[in-house]
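Below: one structure, written as structure tokens.
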Amino acid sequence: MTRSLSFPRIGTTAMLFLATALLSMSIFTVDPSDALPDLQLSTSQISLEEGSVYIDEMVVINVTLINIGSDDLFNVSVGVYDDDPGDGGKLLCPEKRVDVGHYNFTLVNFTFKAKEEHRKVRTIWVAADVENEVNELNENNNIGTAQLRVMLRETMMFVLTVVGRGLLLTFSSLSLLALILYAVGYLLNRFFPEKEKEEEDEEVLVEASTSDASNEQEEIAAASAAVAAYKRGV
Amino acid sequence: MVNDIFNTGLTQLDLLTVIMFVIGLVLIVLAIIKKWEPYELLPLGVGIVLTNFPLTAMFVDAVEGFGQPGILFVLYNYGILWTLLPVLIFIGLGAMVDFGPLLADPKLIVLGFAAQVGIFFAFVGSILLGFTTGQAASIAIIGGADGPTTIFLTSRLAPEILGVCAVAAYTYIGMIPFINPPVSKLLTSKKERLIRMKPNRTVHRYERILFPIITSFVVILLIPQAGTIVGCFMFGNLIRESGVVPRLSKAAQNELTNLVTMFLCFAVGASLNSGVIMDLGPIRVLGVFALGIFSVGAGAAVGVLIAKFMNLFLKNKINPLIGAAGVSAVPAAARTAQAMAMEEDPNNHILMYAMAPNVAGVIGSAAVAGVFLGMLF
């Protein structure tokens, strides 16, 4: 069975190109007098081999670490977490230690097994130098995320559960809706039986008849006055 | 000079790209000549054609585009993957739908549910054919005959088959007048098709206003994942029925719906490039289309059968043809039921009755999409 990716992947070639482009830009923008390393890690530098995996399958994450600083980096830690490491995120696999030369980049791979507790869509965090062991030009560009979907195997039991639950929930919500609508319709029509419309119609009729009547009376009165005046010889 | 020729798109054309051009052009022709869902198929076809032109980089992300994403990718990413456009469509749809016939006879809601049963048949069928659960749900929801719901669900569960599912959904919505009649005829007798239904009662204005509010509470509380679709749908309907914002109602029904539909279908078409088809494989693409039509047909069939079943207990019989209108293609499915009834008896007008399961189908498919999201996302 083939399985397609659920999230767009960033090709390694494209990441390498990005790394090179960022490095070439940094060469011209960093002041050589600031002899400090600067590790750069962002979401665009993280890619998953497979965006969707089944439980118990291996998840492979490729990370491109770039040092845009003018000094080399040694023994810097990089880890993959199930949540924000600054907010209690736990390591999904052992941390790695890497060296990155100045104006250079290095590729790191992480592998871990997708487990039941990772089910559904997860945000995977990749962070470098979490303990802040390295003095850098910019300490705020060491973290990135990737989206991973961990799925249950399509066992017939699971499929039947989805179908059964789906049928039950859809049927119950629509049936309940129908019952409530019956009740609302019944109550409204019992206590306000098309009152508004009938009353409005009646009001219009009454208005029309009174205005007709008053006009008629005026006309009669005018005609009587004219007849009386004629009789008087005016 | 020779180099210039090698730098043109002409040298980059391959068979699959040409096939994609043909598919796009066929959709454009269907929209213009056959007038099949032209508001959807025209931008869809143009999107497919544009995205497949070689060397244009219109559908590349920021990394591949060296910092500059292609315009079609921007539309797709923010409009579809962020599910902004399908959700906006529901506001427009809500403003367009008249729930009066449904409120006049609420039991017909059940027919809207019945048609959704076909979705679950197709879901199991797709799994058996080797699709993942997410893909299977996305293919099955095509049976709801509701384009925006299909796009909404597929963009979450299986974005890799979004373009194929959207094209299948809109094609089958256009084909409802051809799919439903044979299914309905097969499952009903002439006597049943001749059934005349009792005139509907008048619906109170307050019922119309309360309906979107009650529906939101009931459906969203039971199926929270359907909240986005149902909430927006009912918001649009409240705009319409409240009667206090006529300009908003008019704008939602016309300008909003037209513009969003155009961008939605354009972006979906743009996602259907030859690379996606190559990744998925032509056999699986055909599989999506086959399962999609099965899902629509099965939905109509179950609707008709449930209507017949209800007749066993009802004093005032319902014409089972309206059961097939439970697939939510509004109003094509209801019109098809009306045409079939008039074929048998030119004076039998069942359109208003058929609109009830038709609009209930929209709520039903939104609920099913919510269930799939809750269990599979």
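Summary table
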| quantity | calculated |
| --- | --- |
| Candidate lysines - alpha carbon under 28 Å from B:LYS185, same-chain residues fewer than 8 apart omitted | B:LYS34, B:LYS35, B:LYS107, B:LYS198, B:LYS308, B:LYS315, B:LYS317 |
| Chains A and B, summed buried accessible surface - 1.4 Å probe, Å², nearest 100 | 4300 |
| Extended-chain gain in nm, criterion 0.36 nm per residue less alpha-carbon gap, B:ILE209 and B:GLN68 | 46.0 nm |
| Extent along principal axes [Cα atoms of the stretch A:47-100; Å; largest to smallest] | 42, 25, 16 |
| Extent along principal axes [Cα atoms of chain B; Å; largest to smallest] | 81, 46, 39 |
| Additional length obtainable on full extension of the chain from B:VAL18 to B:ALA339, 0.36 nm per residue less Cα span | 111.7 nm |
| 19 Å tail of the calculated P(r), the stretch B:153-285, as % of Cα pairs | 71 |
| Computed E for A:TYR182/A:ASP87 - FRET, C-beta separation, R0 60 angstrom, nearest 0.05 | 0.75 |
| Kirkwood-based Rg to Rh ratio, the stretch B:141-205, C-alpha trace | 1.19 |
| Karplus-derived 3J(HN,Hα), 6.51/-1.76/1.60, for each residue of the stretch B:53-59, Hz, glycine and proline x | 5, x, 6, 7, 6, 7, 10 |
| Average partner coverage of B:353-365, which counts Cβ from other chains inside 10 Å | 1 |
| FRET E, pair B:VAL245, B:SER189, Förster distance 60 Å, beta-carbon r, rounded to 0.05 | 0.80 |
| Residue (of B:THR215, B:ALA341, B:LEU30) at the positive-pole extreme of chain B, dipole from beta-carbon charges | B:ALA341 |
| Residue-count net charge about B:VAL304 - beta-carbon cut-off 11 Å; Lys, Arg +1, Asp, Glu -1 | +2 |
| Average beta carbon contacts from partner chains per residue of A:114-121, 10 Å cutoff | 1 |
| For residues of A:141-152, the mean tally of beta carbons on other chains within 10 Å | 1 |
| Theoretical ellipticity at 222 nm over chain B - DSSP helices of four or more residues, -39500 (n - 2.57) apiece, nearest 500 | -21000 deg cm²/dmol |
| Separation in nanometres of the label points that stand 7 Å from Cα toward Cβ, at B:LYS35 and A:GLU95 | 7.0 |
| Solvent-accessible area of B:GLU255 with every protein chain in place, 1.4 Å probe, in Å² to the nearest 10 | 90 |
| Burial order of peptide ranges A:82-95, B:170-183, B:302-315, B:363-376 (average beta-carbon count within 10 Å, highest first) | B:363-376, B:170-183, B:302-315, A:82-95 |
| Spherically averaged projected area of the stretch B:284-342 from its Cα convex hull (nm²) | 4.6 |
| Built amide H within the under 5 Å cut-off of A:SER70, gap 5+ | A:LEU36, A:ASP38 |
| Under the span-like rule (Cα at least 27 Å along the axis, Kyte-Doolittle mean at least 1.0), DSSP H helices of chain B | B:109-128, B:282-311, B:351-376 |
| Carbon + sulfur, % of accessible area of the stretch B:336-377 - ligands and nucleic acids excluded, 1.4 Å | 65 |
| Accessible surface of B:SER189 - all protein chains present, 1.4 Å probe, nearest 10 Å² | 50 |
| Tail fraction, Cα-Cα pairs, the stretch A:114-181, threshold 20 Å, whole percent | 62 |
| Label-reachable residues, the stretch A:120-146, where backbone N falls under 20 Å from a point 7 Å from A:ALA35's Cα toward its Cβ | A:134-138 |
| Simple Cβ-charge dipole of the protein assembly as shown, Lys/Arg +1 and Asp/Glu -1, about Cα centre, in debye nearest 20 | 3060 |
| Cα pair count fraction exceeding 45 Å, expressed as % - the protein assembly as shown | 32 |
| Overall Cα dimensions of the stretch B:53-162, principal axis frame, Å, largest first | 58, 39, 21 |
| Cα convex hull volume per residue for the stretch B:29-102 (Å³) | 105 |
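The values are calculated or read from the model by the stated rules, or taken from the named source; none is laboratory data. Just so you know, these numbers come straight off a predicted model, no measurement behind them. Cβ: placed from backbone, ideal geometry, glycine included. Neighbour counts: every protein chain shown. Ligands, DNA and RNA are excluded from the accessible area calculation, which covers all protein heavy atoms including side chains. Shrake-Rupley method; radii C 1.70, N 1.55, O 1.52, S 1.80 Å.
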